[in-house]
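For reference, the structure discussed in these notes is given below.
The values are calculated or read from the model by the stated rules, or taken from the named source; none is laboratory data. Values in this document were obtained by computation on a predicted structure and should not be read as measured data. With ideal geometry, Cβ positions are generated from the backbone for all residues, glycine too; neighbour counts draw on all protein chains shown.
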């Protein structure tokens, strides 16, 4: 009979398609002649596959039904059973090493209680074979060249749910190296090859060192153009004196040249953008280090999710290869936006037409439009990373923005516009030196109720001993002062009054500035990827100084780094360190750096100052609340013959309303003007009270220090770890000032650098490279001091 139909039911571990394909390879397929012997072999084979995966209770029930016209249908009903768990692993025959030390090498084993999500105790024949290979490698690396695994009997409990594993080993004796030599065709590179030998006479023999030497030799020969070179370390064992003589046989093959360099996967990026990153050239001798270096340069561009490289022999030749790079492009960068939460739960949104790889040219073109509660602005950026064929880059930047001080920052606003031109020069494969020349016009607004460090509060007029007490129904900055009482100035604390000898920044330097700046930058980049790196480091030093002719004279220096140390070979477990340091100083006629260029710390601050777990900008020196009294112009309060202020029965101050100070008419509940006994409108002062706010806001400082230590770990159930980063982190840092005012010191809200004032936090963070840009979440526990503004959760899109 012929097979008319095959159905498979009950399977989830094995795919139906795989089962059908395996049956077809044994000539059991629809349209083929049915043979029961082949079907029984398939049945046994399926059960064997399940057993190899630790499912010893699996069973396969086969039903064959006869159909008309000499045909049959085959049904496989599979019971996959449960995965058998490892109850115990026992190593027998080991004398040199404890059993516990050997079992630590295994991926399989019994599972401790705290690893309740682990599959360590689920038996798999494939994993067990890998564990035995690791055991053998361990002994060979420790000199036991005759080590062997004699047998591995496995016992299964009657219910087939648990297994007991015994590993019988023969350790043999420990051998040392007696001599190391080279043989074969050394292609005039004997000195280079001998420098690659890790194995030395007198050492305990290690197969790992032999293998490592082979790899380095092949790499050295590959750098000389021998792309198909082979180096084989052959140990000659002498049982009499328990020594090993190692000879490395070199077979360089023909010197190889690169025929073509090909790219695939670059759907939107032009070939020449990739080709200019190549350090390996066509028609030149093939160099393994230059081929790999070219791959790393492509990864650092940040345009690609992955970069793979393969070399293929050119058919019909013995000395030519093609180098093929396959890239997967990042799915973001053309249009992005930044969104997050600011202080007080306020949302912010920043939209940017930002293309790091504009139209596939490799140039950066960006138009940013920012608008939020605190700022609005327009920015244009253009960077050509290969302005010259040698890799000199040139860029332009134009901007116009208006910034009202953001949440938690003292009240002021700036309106500015300007631009800059920048050049960068490659010093080496990993170092770049850059210069920026810029111009900025800034207009500073002190705002309403501005703090003492920005502009001093008006001095009390001579002879005034009282101030207006804010009535309960009045806004101290908008409404007229009506039905107010007078308070005695003597009752105010010193910090609530302006010190006449302590002028603010605007009092000393004005509120409009034109500055020309020169910035020098140095980068050193050995990161393995442009996004979410897992190995290498990035160091960045920047020095900005205003040039002669500027209204403000100051300098800023910044240092930042990213360093990653992979823990495992796959780079899924990584230790990371990030540091941001900054210092600003005034020179010439300026005793300090402008306050609106201060450093800030706390929250997810772009470009530095990141201390998660605290409100954005909330750390560091704080301002002194402003004190206001009749701020809009002079006024004469009426006085009696003895010079005392005249007040009415309710305690209101009387004043001469005809000398220019703004007044507002008093209205009744119906909105009608209230008239006095003489028929004249009653008025009230439209002035500000003393601003006695004690909720001091951040003022920033000229010293920044923040550090992040993180443990990057793979997120479960995420197939592409290159797109997602999860980490446990510890943040530490703060902002300090070497220019604290006397009033700030009096209030104890400003300090110079002090390790005792460092703030800490710990938590977990996740970053996902979404189509809109990096999406970052964090959950943190802050370790601060009383009065700190904390924030345990936050997120942002568009920045790390």
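Here is how the numbers come out for the structure above:
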{"quantity": "Residue within segment 245-260 that is more than 30 Å from residue 179 (Cα to Cα) and buried (at least 21 other Cβ atoms within 10 Å of the Cβ) present", "calculated": "yes"}
{"quantity": "Criterion: crowded, with 18+ Cβ neighbours inside 10 Å and at pLDDT below 90 - qualifying residue of 135, 108", "calculated": "108"}
{"quantity": "Search result, residues across segment 298-311 that are more than 17 Å from residue 218 (Cα to Cα) and either in contact with a strand residue (DSSP E or B) (Cβ under 7 Å, 6 or more places away or on another chain) or modelled with pLDDT of 90 or more (or both)", "calculated": "298, 299, 300, 303, 304, 305, 306, 307, 308, 309"}
{"quantity": "Selection count, segment 192-212, where residues are loosely packed, with under 15 Cβ neighbours inside 10 Å and over 40 Å from the mean Cα position of the chain (by Cα)", "calculated": "6"}
{"quantity": "Unique residue being touching a strand residue (DSSP E or B) at 6+ places or on another chain (Cβ under 6 Å), part of a loop (DSSP other than H, G, I, E, B) and under 17 Å from residue 534 (Cα atoms) when the list is 709, 715", "calculated": "715"}
{"quantity": "Qualifying residue in segment 735-748 (condition: assigned by TED's automatic domain parsing to the domain that holds residue 609, crowded, with 17+ Cβ neighbours inside 10 Å and within 26 Å of the chain's Cα centre (by Cα))", "calculated": "yes"}
{"quantity": "Residue in segment 85-105 that is surrounded by the most Cβ atoms within 10 Å (Cβ to Cβ), counting only those that are out of contact with any strand residue (DSSP E or B) (no Cβ under 8 Å at 6 or more places or on another chain) and part of a helix (DSSP H, G or I)", "calculated": "101"}
{"quantity": "Check on residue 177, touching a strand residue (DSSP E or B) at 6+ places or on another chain (Cβ under 9 Å), part of a strand (DSSP E or B) and in contact (Cβ under 8 Å) with a residue 40 or more places away in the chain", "calculated": "yes"}
{"quantity": "Residue selected from segment 57-69 under the condition outside any strand (DSSP E or B) and touching a residue at least 12 places away in the same chain (Cβ under 8 Å), by the criterion farthest from residue 13 (Cα to Cα)", "calculated": "57"}
{"quantity": "Selection from segment 427-447 of residues that are surrounded by fewer than 15 Cβ atoms within 10 Å (Cβ to Cβ) and in a strand (DSSP E or B)", "calculated": "431, 433, 435, 437, 441, 443"}
{"quantity": "Single residue of 268, 283 found to be more than 19 Å from residue 527 (Cβ to Cβ) and touching a helix residue (DSSP H, G or I) at 6+ places or on another chain (Cβ under 8 Å)", "calculated": "268"}
{"quantity": "Check on residue 54, farther than 30 Å from residue 157 by Cα, part of a loop (DSSP other than H, G, I, E, B) and out of contact with any helix residue (DSSP H, G or I) (no Cβ under 7 Å at 6 or more places or on another chain)", "calculated": "no"}
{"quantity": "Filter result (in a loop (DSSP other than H, G, I, E, B), at negative phi and buried (at least 17 other Cβ atoms within 10 Å of the Cβ)) within segment 138-160", "calculated": "142, 144, 145, 147"}
{"quantity": "Among (1) farther than 30 Å from residue 222 by Cα; (2) surrounded by 14 or more Cβ atoms within 10 Å (Cβ to Cβ); (3) free of Cβ contacts under 8 Å to residues at least 40 places away in the same chain - the single one residue 129 does not satisfy", "calculated": "(2)"}
{"quantity": "Boolean, residue 598 is more than 21 Å from residue 697 (Cβ to Cβ) and either modelled with pLDDT of 85 or more or surrounded by 13 or more Cβ atoms within 10 Å (Cβ to Cβ) (or both)", "calculated": "no"}
{"quantity": "Residue in segment 756-772 that is modelled with pLDDT of 85 or more, in a helix (DSSP H, G or I), in the same structural domain as residue 619 (by TED's automatic domain parsing) and on the phi < 0 side of the Ramachandran plot present", "calculated": "yes"}
{"quantity": "Filtered residues of segment 201-213 (kept if part of a loop (DSSP other than H, G, I, E, B) and either touching a helix residue (DSSP H, G or I) at 6+ places or on another chain (Cβ under 9 Å) or in contact (Cβ under 8 Å) with a residue 60 or more places away in the chain (or both))", "calculated": "203, 205, 206"}
{"quantity": "Residue count for segment 373-396, restricted to those that are at pLDDT below 80 and either surrounded by 15 or more Cβ atoms within 10 Å (Cβ to Cβ) or within 19 Å of residue 275 (Cβ to Cβ) (or both)", "calculated": "2"}
{"quantity": "Matching residues, segment 275-296, being in a helix (DSSP H, G or I), under 15 Å from residue 529 (Cα atoms) and touching a residue at least 24 places away in the same chain (Cβ under 8 Å)", "calculated": "293, 294, 295, 296"}
